[in-house]
1. Strictly over 23 Å apart at the Cα level, which of Lys2/Lys283; Lys5/Lys155; Lys283/Lys318 would you flag in this model?
2. So how much slack lies between Ala255 and Glu231, counting 0.36 nm per residue of separation and subtracting their Cα-Cα distance, in nm?
3. Within the range 78-127, list the trypsin sites (Lys or Arg not before Pro) lying in a DSSP loop whose Cβ has at most 14 other Cβ atoms in a 10 Å radius.
4. Would you be so kind as to identify which of Ser164, His263, Tyr33 lies farthest towards the positive end of the dipole of the chain, taking Lys and Arg as +1 and Asp and Glu as -1 on Cβ and the Cα centre as origin?
5. Counting only C-alpha contacts under 8 Å and six or more residues apart, can you give the relative contact order of the range 73-225 as a whole percent?
6. Roughly speaking, what is the centre-to-centre gap between the range 21-36 and the range 268-306 when only Cα atoms are used, to the nearest Å?
7. Looking at the range 1-113, what % of the alpha carbon pairs are farther apart than 16 Å?
8. List the cysteines of the chain that have no other Cys Cβ closer than 4.7 Å: which are they?
Amino acid sequence: MKYIKAEMHCHTTASDGSMQPETLIRRACERGYGAIASTDHNTTAAHARLRTEAAARGITLIGGIEWTTFHGHLTVLGDTRVNWRDVMPQTIDECLRRADEDGAVVTAAHPFRMGNPLCTGCYFEYRPTTWEHIRGYEIYSGILPHKSVYSARAKARWIELIRSGYRISAMYGYDWHHSDEHAPAYGATYLLVDDRASEASCVRAVREGRTFVSVGICADICFRADGVRRELGDTLDRGAVGVVEITARPDPIFARRRAVELHAARIAAFDGTVEEYPFAGGKIEIPYTARGAFRIEIVGSADGESGELLITSPIYIKEKDV
């Protein structure tokens with residue numbers, strides 16, 4: 001198993017992007033992505049050209065679509081029988097359930113971006129009765145996500161959902177529409193996949209919570225107890241004693257243009273408890289007793305702007321014996 005750098009929210013000229021499919025794949029390779037998701041608005045028309053170019057360049061293409069509606073946007077990875085035209089406030093529960101049953105993975109996209117009257121539909125107004133069929137949440141999106149007020153609100157809402165008992169992966173979406181060669185700091189989603197980094201293993205990583213979002217940092221993160229490695233998305237027994245292992249460094253491709261510094265590592269429980277340790281990169285092992293769901297964060301600066309540069313999906317705690 002390995003972590004690969006991915007962009008999970010991309011557009012081409014098949015919808016409202018300015019990049020041809022071949023250009024998108026070339027730019028993705030230049031940014032060092034191991035996988036990208038094709039999420040054009042309400043169409044899969046670019047998939048064939050993207051797959052051909054991705055195969056030629058050795059990058060994994062994840063087929064998908066962005067359900068783009070007046071009430072919110074959702075990216076969908078994988079195939080589903082749900083038609084985007086059917087996704088409405090009164091049908092959202094059924095559409096999410098059917099997509100989940102089909103094996104597709106649905107993520108709430110840029111949920112707190114500006115909405116009416118300027119950007120109708122960008123703000124996530126859906127109110128599903130349950131979030132169990134939404135597998136991902138874009139806690140970070142766009143440029144300078146670690147400084148964005150929209151990202152701060154999205155992260156806070158994601159924390160509320162985890163506290164409510166839902167299992168939802170942390171996701172980043174650049175919402176990539178244009179070539180953006182000179183864009184300031186941007187993020188990535190890292191996926192824990194099998195050695196082949198197949199499309200199926202990328203989708204499975206989101207479904208199983210094996211993700212972290214990052215601005216300019218490559219990392220490997222786990223919880224190790226009694227010699228057994230437990231991954232993001234796993235469930236531990238309450239009171240499990242072990243070590244949080246973090247190996248991290250600036251992403252060398254990102255750092256060619258953007259200065260990246262690591263300052264500290266945090267273990268942040270979802271009950272609000274935070275433990276922070278100085279960390280400038282390399283490897284750190286932090287003894288930890290797991291009493292509730294927790295995430296790992298790395299704080300630092302990218303492009304001169306300080307903030308949380310890395311946030312993981314949760315490691316969960318088994319509440320009771322089954």
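1. Lys283/Lys318
2. 5.9 nm
3. Arg81
4. His263
5. That works out to 20 percent.
6. Taking the Cα centre of the range 268-306 as reference, the centre of the range 21-36 is 30 Å away.
7. Roughly 58 percent, once rounded to a whole number.
8. Cys10, Cys29, Cys95, Cys202, Cys218, Cys222
Readers should treat all values here as calculations from the given coordinates under stated rules, not as data from a laboratory. All figures in this text were calculated on a predicted structure; none of them were measured in a lab. Methodologically, a virtual Cβ is constructed for each residue, glycine included, from the backbone with ideal geometry; neighbour enumeration extends over all protein chains shown.
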